[in-house]
Amino acid sequence: MEEKKPSGANGFRVAALTVLLLLIAAGSKAEPVARQVLVLQSIDRGNLVLDYFTTNFRVDLDQQIERPVNFVQVTVGPSGLVAAPEDAIVDFIRSAYGELRKPDLIVVLGGPASVFARRHRARLFPDVPLLFTLVDQRYLGGAPLGENEGAVVVLNDFPRTIDEIRQLLPRTKQVLMVTGSGPLGRFWRRELESQFRRFQQGPTFAWSDDLSLRDLLRRCASLPPDSAIFFLTFGTDLSGTSYADERVLGDLHAAANAPLFGVQSVYIGHGVVGGSMMSIDGVVRDSVEAAVRLLNGTSPKSITVTPRRPGTPTFDWRELQRWGIAETRLPAGSVVRYRRPSLWDEHKPTVIGSAIALVVQSALIGGLLYQRRARRQAESDSRRNLALAADASRRQTMSALTASIAHELGQPLSSMIHNAQALEAMIDANRAPSETIKEILGDIRSQSVQAAQIIERHRTMLRSHQLQKRPIDLHAVVRDSLALVAHDLRTREIETVVDLSPNPCVIDGDPVLLEQVLVNLMMNAIDAMADTPKARRRLAVMTTVRGADVELLVRDSGPGLPPHVDGTVFAPFVTTKPHGLGIGLTIARTIVDAHGGTIDAGNNADGGATFTIVLRRSKTASHVTASGAA
Amino acid sequence: MKRPRVLVADDHADLVKAVCRLLAADCDVVGSVADGRAVLEAAQRLEPDAIVVDVNLPNLNGLEACRQLTQRHPQMKVIVFTAMNDPDIRQRSFEVGASGFVFKMAGDGDLLATIKRLFAGES
């Protein structure tokens, strides 16, 4: 993929073509008579500095001169008409103007063209003013300017660049100087070897003028650690092949394992880290100003331009990043270019829009989180309040069952007492066979277990309790509830009918709270039947499975719900009892609600009231983890 | 002392069993029932010397049974046997003709002692 520039005879043809085109352009210009400017340049197209200079010099001069300007541009340096004898080149130039005309100004660009112009000045229109430009003062050497000559010179300071490299990369031990193998490169190697003598403590310098481009790239790819590459110029390599700067810089940048430096302002952006830059724009400005004055008749002698030195340190941000060079190491006042635009710079409207959307979303999320927290708090409060109210109600119910508890406990206790007395008497009378003793002791043990279960059942009902749902057998809850009120049913002489569904009635529920509901309904039923004739006192508890639900009925044969509580029987503080608080049914409904069920009340057609609870059967539980409340 | 013939009326089978064991040494337990009406029939049929009656009996409570028993069989000694150590019940027991009142949870062998005391003069 090597893209070579034309050289030798090809270069001659290019130069000639350039001349012809420019003359044709001149012929098309209208009056007044155009000014003729002959430009002699050192290197053919491809040199970044010269290309940039010539392009801008011509444009700027054209704009600043009131009359039209015709340019004749001839490359006289090593890559231009190098293969032609220099006299032939001079003849060509002279023939381009013919006998009748001469240029109004000769502009000589760069060191090699300056050498050429000086050598052939006598034949190159000696009475026409000549301006040397874009040339280092040292290249013009000790020879003084001629009578009709002016100069815009630069003073490169390459040792300063070495100092800057060491400031940025203090560990730099070796600098590979890229100069190309042409006369310009050779000149600078000689010049710089002398100037670099002050770096006796390092770094060391290597030179590329004895390398082809391919070898140079190979070498740059495997430089020892702590190396740097300093690109001065290139032009031609050892094989005489001429390469465009842009291509050489691109290849070096891609291949090199060390940072690349260069100090012409036009190199920035082509892979160099940077440094104190020679402003080619500044040289253009100085040169245009001098050319305008010369074309307007000012004597070259009176034109004095201060030699231009490297200016503002300028760096490529991308290269600083690539080589890990902190910006704190840059010289004061440095300019950093090609900084990656921030998100803000690049997508300002999007960023603003996104930020607003983010803020709105955050606010919404915050609001929702707050709402969720508030809801959870409310739910937690509700659960706690339910637990407190249920505890209070349950204890009230249980206190009404005190007589029942005493009676229930009395049975196993009195059995134990009498068994113990019988055993004692048998032992005293020495008529106790061991089999009988064992039998009696076995009875005492089972009766004490029975007593303990009764105590535990009541204690569970009296203990503070929070809703804890699990798969339970609703029929076990019914039986435990009946056991708690059994004494009252018996003493009030109430017939009890229990009709439980043959289907399993497993629900996800809390046995303690559901037992509380049932005991409450049963006690209400017992109370309701206080004035009912004994023969008609009847409490029925029934379960029926209806699809996914189970229906539980508690039916009494009392007087039924009075009209004044119709529809409000579950409201708080509604009661039919002279000493009732009226919270039992409210709590019952709250508990059923917490189970996702419903509770309703109504009067029977044949007298009495029926409370109906509907609960959802458990979908997941295949078996009951524990039964009952105990 | 002649061994008294005793009928026990209580609806708690475990307690009846324990009472029968206790009385076995000094009495003949002629039967046990778990129902207030059944005790009237059994008394008629078995003609016990003493009847131990729980207050909380199904169908006919113990005090009412006591009243009827003492009316029909004045020679029989009825002992009210209850878990309710209540002075009112005690008083009512004697009002309906009971010869004794025993708290079920007294721990010092009250039932046997009461029966022995009631029949001590008949030896």
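Given A:Pro433, A:Gln447, A:Val283, which one lies farthest toward the positive end of the charge dipole of the protein assembly as shown, if we put +1 on the Cβ of every Lys and Arg and -1 on the Cβ of every Asp and Glu?
Checked the options; the winner is A:Val283.
Calculate the dipole size of region A:296-343 relative to its Cα centre from +1 charges on Lys and Arg beta carbons and -1 charges on Asp and Glu beta carbons; express the result in debye to the nearest 20. Kindly include the intermediate steps, with their values, before the conclusion.
Details: 9 positive and 3 negative charges, 14 e Å.
Dipole of region A:296-343, to the nearest 20 debye: 60 debye.
Using a Förster distance of 35 Å, how high is the FRET efficiency between A:Arg431 and B:Gln44, based on the Cβ-Cβ distance and rounded to 0.05?
Values: r = 33 Å, r/R0 = 0.95.
Once the sixth-power term is evaluated, E becomes 0.55.
At the nearest 100 Å², what buried accessible area, both sides summed, do you get for A and B when the probe is 1.4 Å?
On the way: alone 31340 and 6260 Å², together 35790 Å².
So the buried area, both faces added, is about 1800 Å².
Label points 7 Å out from Cα along the Cβ direction at A:Asp566 and A:Arg171: separation in nm?
9.9
Relative to the longest principal axis of chain A, what angle (0 to 90°, nearest 10) does the C-alpha long axis of helix A:511-528 take?
Approximately 40 degrees, to the nearest 10.
Would you please put A:457-463, A:192-198 in order of how densely packed they are, using the mean number of other Cβ atoms within 10 angstrom per residue and starting with the highest?
Sorting A:457-463, A:192-198 by mean packing, highest first, produces A:457-463, A:192-198.
Which Cα, out of B:Thr114, B:Asn61, B:Ala34, lies furthest along the positive dipole direction of region B:5-119 (beta carbon charges, K/R +1, D/E -1)?
Result: B:Thr114.
Does region B:5-119 come out rounded, prolate or oblate by the C-alpha gyration tensor, with a ≥ b ≥ c the root eigenvalues, rounded set by a/c under 1.5 and, if not, prolate when a/b is larger than b/c and oblate if not? Can you show the working numbers first?
Numbers: a/c = 1.23, a/b = 1.05, b/c = 1.17.
Judged from the Cα gyration tensor, region B:5-119 comes out rounded (a/c under 1.5).
Can you figure out the FRET efficiency of A:Arg546 with A:Glu493, using R₀ = 45 Å and their beta-carbon distance, to the nearest 0.05?
The computed FRET efficiency comes out at 0.85.
In degrees between 0 and 90, to the nearest 10, how far off the longest principal axis of chain A does helix A:183-195 point, with axes built from Cα atoms?
Tilt relative to chain A: about 80 degrees.
Assuming 1.306 mPa s and 10 °C, estimate D for region A:310-349 with Stokes-Einstein, Rh taken as the Kirkwood radius over Cα pairs, in µm²/s.
It comes out at roughly 139 µm²/s.
Treat each spin label as a single point 7 Å out from the Cα along the C-beta direction, and report the A:Glu193 to A:Asn604 distance in nm.
With each label placed 7 Å out from Cα toward Cβ, I get 12.7 nm.
Only bridges whose two residues both fall in the protein assembly as shown count here: according to DSSP, what percent of them are antiparallel, nearest 5?
Of all bridge pairs located within the protein assembly as shown, approximately 35 percent are antiparallel.
In terms of the Cα gyration tensor, with a ≥ b ≥ c the square roots of its eigenvalues, is region A:437-494 rounded because a/c is under 1.5, prolate because a/b exceeds b/c, or oblate?
In terms of gyration-tensor shape, oblate.
Just name one of A:Thr241, A:Phe315, A:Pro349: the one whose Cα is farthest towards the positive end of the charge dipole of chain A (beta-carbon charges, Lys/Arg +1, Asp/Glu -1).
Of the listed residues, the answer is A:Thr241.
About its Cα centre, what dipole magnitude does region B:5-119 give when the only charges are +1 on Lys and Arg Cβ and -1 on Asp and Glu Cβ, stated in debye to the nearest 20? Spell out each step's value before the answer.
Numbers: 13 positive and 16 negative charges, 49 e Å.
Magnitude of the dipole: close to 240 debye.
Evaluated at 20 °C with a viscosity of 1.002 mPa s, what Stokes-Einstein diffusion coefficient in µm²/s does region A:77-208 have when Rh comes from the Kirkwood expression over alpha-carbon pairs? Intermediate results must be reported in sequence, preceding the final value.
Values: Rh = 17.2 Å.
Rounded to a whole number, D works out at 125 µm²/s.
If you take all C-alpha pairs in region A:273-369, what percent of them are over 23 Å apart?
60
Per the Cauchy relation, a quarter of the hull surface: what is the mean projected area of the convex hull of the alpha carbons in chain A, in nm²?
61.2
With the other protein chains left in place, how much accessible area per residue, in square angstrom, belongs to the protein assembly as shown at a 1.4 angstrom probe?
48
Probe radius 1.4 Å, ligands and nucleic acids ignored: give me the carbon and sulfur share of the accessible area of chain A as a rounded percent.
Numbers: 16280 of 30430 Å².
Ligands and nucleic acids excluded, carbon and sulfur give 53 percent.
Could you tell me the center-to-center distance, by alpha carbons, between region A:280-306 and region A:524-563 in angstrom?
Spelled out, the Cα-based centre of one part sits 121 Å from the other.
Roughly how many percent of the accessible protein surface of chain B is carbon and sulfur, given a 1.4 Å probe and a whole-percent answer?
Carbon with sulfur: 46 percent of the solvent-accessible area.
Using a Förster distance of 56 Å, how high is the FRET efficiency between A:Ile352 and A:Ala221, based on the Cβ-Cβ distance and rounded to 0.05?
E(calc), rounded to 0.05, equals 0.75.
Using a simple charge model, +1 on the beta-carbon of Lys and Arg, -1 on the beta-carbon of Asp and Glu, nothing else, what dipole does the protein assembly as shown show about its Cα centre, in debye to the nearest 20? Please list the in-between numbers first.
Details: 86 positive and 83 negative charges, 358 e Å.
My answer is approximately 1720 debye.
Working from Cα positions, state the angle (0 to 90°, nearest 10) between the long axis of helix A:245-255 and the longest principal axis of chain A.
Approximately 40 degrees, to the nearest ten.
Inside 10 Å of the C-beta atoms of B:19-27, what's the mean count of C-beta atoms belonging to other chains? The partial results should precede the final answer.
Working: counts 6, 2, 11, 10, 3, 4, 6, 2, 0.
Per-residue shielding by partner chains comes out at 5.
Below 8 Å between Cα atoms, with a sequence gap of 6+, how large is the relative contact order for chain A in percent?
Answer for chain A is 9 percent.
Below 8 Å between Cα atoms, with a sequence gap of 6+, how large is the relative contact order for region B:5-119 in percent?
22
Test of understanding: what is the full-extension gain from A:Lys619 to A:Leu369, defined as 0.36 nm times their sequence separation minus their Cα-Cα distance?
86.8 nm
Any idea what % of Cα-Cα pairs in region A:287-342 are farther than 18 Å?
56
Between region A:473-517 and region A:200-229, what is the separation of their alpha carbon centroids in Å?
99
Please work out the ratio of the alpha-carbon Rg of region A:122-270 to 2.2 N^0.38 Å and round it to two decimals.
Compared with the compact-globule rule of thumb, region A:122-270 sits at 1.16.
The values are calculated or read from the model by the stated rules, or taken from the named source; none is laboratory data. Computed from a predicted structure; not experimentally measured. Neighbour counts are summed over all protein chains in view; Cβ atoms, including those assigned to glycine, are modelled from backbone coordinates with ideal geometry. Side chains included, ligands, DNA and RNA excluded: accessible areas come from the protein's heavy atoms. Shrake-Rupley method; radii C 1.70, N 1.55, O 1.52, S 1.80 Å.
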